[in-house]
1. Say whether the condition of being at pLDDT 95 or above, of a type outside the set (Lys, Arg), on the phi > 0 side of the Ramachandran plot and open to solvent by 50 Å² or more (accessible area, probe 1.4 Å) is met by at least one residue in the range 124-131.
2. If residue 160 satisfies all but one of (1) closer than 21 Å to residue 79 by Cα; (2) open to solvent by less than 70 Å² (accessible area, probe 1.4 Å); (3) touching a residue at least 12 places away in the same chain (Cβ under 8 Å), what's the number of the condition it fails?
3. Consider the range 49-96. How many of its residues are of a type in the set (Lys, Arg) and either buried (at least 22 other Cβ atoms within 10 Å of the Cβ) or modelled with pLDDT of 95 or more (or both)?
4. Please specify each residue of the range 103-130 satisfying the condition of being closer than 16 Å to residue 6 by Cβ and among the polar types (S, T, N, Q).
5. Would you confirm, using the coordinates I've provided, whether residue 169 is closer than 30 Å to residue 48 by Cα, open to solvent by 80 Å² or more (accessible area, probe 1.4 Å) and among the basic types (Lys, Arg)?
6. Out of the range 181-208, which residues are modelled with pLDDT of 95 or more and more than 17 Å from the chain's Cα centre (by Cα)?
7. Does at least one position in the range 175-194 carry a residue that is under 25 Å from residue 16 (Cβ atoms) and either in contact with a strand residue (DSSP E or B) (Cβ under 8 Å, 6 or more places away or on another chain) or in a strand (DSSP E or B) (or both)?
8. Among the helices (runs of 4 or more DSSP H) confined wholly to the range 1-119, which include 3 or more residues that are within 27 Å of residue 177 (Cα to Cα)?
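The values are calculated or read from the model by the stated rules, or taken from the named source; none is laboratory data. Owing to the predicted nature of the structure, the values given are computational and were not obtained by experimental measurement. Quick reminder, even Gly has a Cβ in these numbers, built from the backbone with ideal geometry, and neighbours come from all protein chains shown. These accessible areas exclude ligands, DNA and RNA; they are computed on the full protein's heavy atoms, side chains included. Shrake-Rupley method; radii C 1.70, N 1.55, O 1.52, S 1.80 Å.
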Amino acid sequence: MNDPKPVVSIITVVYNARPLLAKTMESVREQKARYPFIEYVVVDGASKDGTLELIGQNKDIVSSWVSEPDKGIYDAMNKGIVAATGDYINFMNAGDRFADDSTLSRFVPCIENDTTVAFGDWNILLDGRVSGRKPLAIKYLDSKLIFSHQAAFVSLAYHKANLFDTSFRIAADYNLVYNAVKRDNKKLQYIPEIIADYDVSTINTSVL
């Protein structure tokens, strides 16, 4: 009997960004066609722009969702973690996309069983220009996050035990990875695949 495939919980945080959410949902739908072991969780900050209607139109791919005010992006992301039930968590916020339609089918089978954080490469998109990015060496973790959170997959068990510290406004993801490696001696695994297209020209600043 084949080993069961790891389930990826993709979490999207959104607030009044229906057009951006539509792009991310389209990308998740493409992934599910190639890698069906996906749980999709949408955390909406009580949008008033038709976001709930869009969620309803895509309920075949949305596993769970919530729409209510939050206390900032990391509070919203924590709600997604609490709701998730898969093996690994990946955050694709509204406007983010996977690099191509077979990204997860290539990447996820390469994650080793004892890995807490798996990560890959990503693209930065700005005004039609594409810039490929690779993670920094582990030594730089003393001062900064060495990869994009869109390109990272964190063990569900670890993330549920270590929610984002909401006292941080912009660095809670760095704090989580730093603690995983430096405090808890957890394994990071780099897999040389391009995971995400991160369009910085359409960042939804309302969720920050």
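1. No; the residues of the range 124-131 include none that is at pLDDT 95 or above, of a type outside the set (Lys, Arg), on the phi > 0 side of the Ramachandran plot and open to solvent by 50 Å² or more (accessible area, probe 1.4 Å).
2. (2) is the only condition that residue 160 fails.
3. To start, the set of residues in the range 49-96 that are of a type in the set (Lys, Arg) comprises 59, 71, 79.
Of the ones still in play, those that are also either buried (at least 22 other Cβ atoms within 10 Å of the Cβ) or modelled with pLDDT of 95 or more (or both) are 59, 79.
Number satisfying all stated conditions: 2.
4. Listed by number, the residues that qualify are 103, 105, 113, 115, 116.
5. yes
6. 181, 182, 183, 184, 185, 186, 187, 192
7. no
8. Those helices (runs of 4 or more DSSP H) span 18-34, 73-83, 103-107.
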